[in-house]
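FYI, it's all coordinate maths here, none of it is from the lab. Just so you know, these numbers come straight off a predicted model, no measurement behind them. Quick reminder, even Gly has a Cβ in these numbers, built from the backbone with ideal geometry, and neighbours come from all protein chains shown.
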C-alpha cells in the first residue's frame, strides 16, 4: 500500500475474536526507512460525548450524494476538538446509520464525495463507525444519514465520540430542503 513520505499514519493491530491475544510481528518493505513507535494515547479512549437526535420528516434530504438519486434524510453536525489527535465516532440506532466527515464545509449539491472520512461498515452492524485524526482549530462537519440502499429511513439515533480530550458538537441549521421546478 502506497503511503506519502513525511506523513504519520496509525496502524491498528487487532484480532477477529473477542479477547484473543498473542504475539505478532510487523514487516515493512519499501524504498526508504520507516519509523514505528507504540502509540498509547489511543489505547483506552474515554467517551467524551453522547449526542442524540432523530431523522424525521422535517429533517433535510440529500438527493445526489455520491451520484445516487435516492432520497435520504440527514443531520449536519459541526464538530470541534480541543486537542489534535485520533477520535472515534460510532452510533447506536435502529437505522442503518451511515456517516461522512468533512473538513471545513459540506456542499449538499456537490455529487462528488469530498469527505475526509466515512463509515466503513466493516463490523457488519449497520452503524456509523469512523476513526480519524482531527486537528485543533479546524471545523469539521459530520453528516449523519442512512446507507445508500436505505432511502427515506426515519428514527432516533445516538452518536458517541471517543478521544483524548473535550469535543464540541452542535447541530447545524444552515442546510434546508430546497425544491426546484424546471419549466421548459
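Remarks
- Residues 146, 114, 16 arranged by fewest to most Cβ contacts within 10 Å: 16, 114, 146
- For the peptides 126-134, 163-171, the ranking by packing is 126-134, 163-171, with the highest mean count of neighbouring Cβ atoms within 10 Å listed first.
- Separation of the residue 84 and residue 49 label points, Cα + 7 Å toward Cβ, nm: 1.9 nm
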